[in-house]
1. May I ask you to list the residues in region 38-58 that are over 21 Å from Phe114 (Cβ atoms) and in contact with a strand residue (DSSP E or B) (Cβ under 6 Å, 6 or more places away or on another chain)?
2. Within region 13-30, restricting attention to residues that are touching a residue at least 12 places away in the same chain (Cβ under 8 Å) and basic (Lys, Arg), which residue is farthest from Gly45 (Cα to Cα)?
3. Of all residues being of a type in the set (Gly, Ala, Ser) and farther than 16 Å from Asp31 by Cβ in region 43-68, which is surrounded by the fewest Cβ atoms within 10 Å (Cβ to Cβ)? Just the residue, please.
4. Being crowded, with 16+ Cβ neighbours inside 10 Å and modelled with pLDDT under 95, is that true of even one residue in region 1-18?
5. Out of region 69-86, which residues are part of a loop (DSSP other than H, G, I, E, B) and exposed (fewer than 14 other Cβ atoms within 10 Å of the Cβ)?
6. Show the residue pairs meeting these rules: Cβ distance below 9 Å; 6+ apart or different chains; first residue within region 91-117 and within 21 Å of Leu76 (Cα to Cα); second residue β-branched (Val, Ile, Thr) and in a loop (DSSP other than H, G, I, E, B).
7. Yes or no: Lys62 modelled with pLDDT of 95 or more, within 25 Å of Leu116 (Cβ to Cβ) and either in contact with a Gly (Cβ under 8 Å, 6 or more places away or on another chain) or part of a helix (DSSP H, G or I) (or both)?
8. Of the residues in region 50-96, how many are under 16 Å from Glu120 (Cα atoms) and out of contact with any Ser or Thr (no Cβ under 8 Å at 6 or more places or on another chain)?
Amino acid sequence: MGAAGTASWAYERKGQIKLAKKAASEEQLFDVALGAGAEDIADEGEEWLVTTPGVELDVVRKALEEAKIEVKSAQLAMIAKNLVSITGRDADLVTRLVENLDDHDDVQNIWSNFDLSDEEIARLSGG
């Protein structure tokens with residue numbers, strides 16, 4: 001294991017705000033969130049994901065709330081600068097490690113830079 005911060009060069013601190021799809025239209029989000037400093041808005045199926053610079057998280061969250069757009073969650077996240085695709089045995093090992101870390105009482109967040117294809121996810125889930 002490395003010392004604290006040894007892998008920080010591979011990540012960027014970003015704000016992530018999740019909203020229910022019904023909370024706002026895409027046009028409304030563009031106007032409010034991007035106008036307040038958000039970097040991106042992504043359609044995540046049942047939710048919108050608004051990405052901000054880390055220092056702008058609270059500003060964008062407050063702008064959304066002032067516009068009467070209900071925020072489900074807002075948090076700082078470490079987003080990988082480059083993703084590494086993994087398959088086979090490596091995918092098995094990494095997903096087992098993440099599951100074990102997630103089950104540990106002292107672990108609050110897990111940030112990673114691995115990427116699994118849809119086929120690999122199906123294989124791992126037995127589908």
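The values are calculated or read from the model by the stated rules, or taken from the named source; none is laboratory data. The shown structure was predicted, so the numbers you read here are calculated from the model rather than taken from an experiment. Using ideal geometry, Cβ is built from the backbone for each residue, glycine included, and neighbour counts are taken over all protein chains shown.
1. Step one: filter region 38-58 for residues over 21 Å from Phe114 (Cβ atoms), giving 38-41, 43, 45-48, 50, 52-58.
Selection gives Ala38, Glu39, Asp40, Ile41, Glu47, Trp48, Val50, Thr52, Gly54, Leu57.
2. Restricting attention to region 13-30, the residues satisfying the condition of being touching a residue at least 12 places away in the same chain (Cβ under 8 Å) are 13-21, 23-24, 26, 28-29.
Cutting the leftovers down to basic (Lys, Arg) gives us 13-14, 18, 21.
On the way: Arg13: 24, Lys14: 21, Lys18: 11, Lys21: 8 Å.
The qualifying residue farthest from Gly45 (Cα to Cα) is Arg13.
3. First pass over region 43-68, keeping only residues of a type in the set (Gly, Ala, Ser): 45, 54, 63, 67.
Right, trim to farther than 16 Å from Asp31 by Cβ and you get 45, 54.
Numbers: Gly45: 7, Gly54: 14.
By that ranking, first place goes to Gly45.
4. yes
5. Residues satisfying the conditions are Glu70, Lys72, Lys81, Asn82, Leu83.
6. Final answer for the pair search is Val98/Ile110; Leu101/Val107; Leu101/Ile110; Asp102/Ile110; Phe114/Ile86; Asp115/Ile86.
7. Numbers: modelled with pLDDT of 95 or more: yes; within 25 Å of Leu116 (Cβ to Cβ): no; either in contact with a Gly (Cβ under 8 Å, 6 or more places away or on another chain) or part of a helix (DSSP H, G or I) (or both): yes.
No: the conditions fail for Lys62.
8. So in region 50-96, the residues under 16 Å from Glu120 (Cα atoms) come out as 83-96.
When the remaining residues are screened for being out of contact with any Ser or Thr (no Cβ under 8 Å at 6 or more places or on another chain), the result is 83-84, 86, 88-93, 95-96.
Of the residues in that region, 11 qualify.
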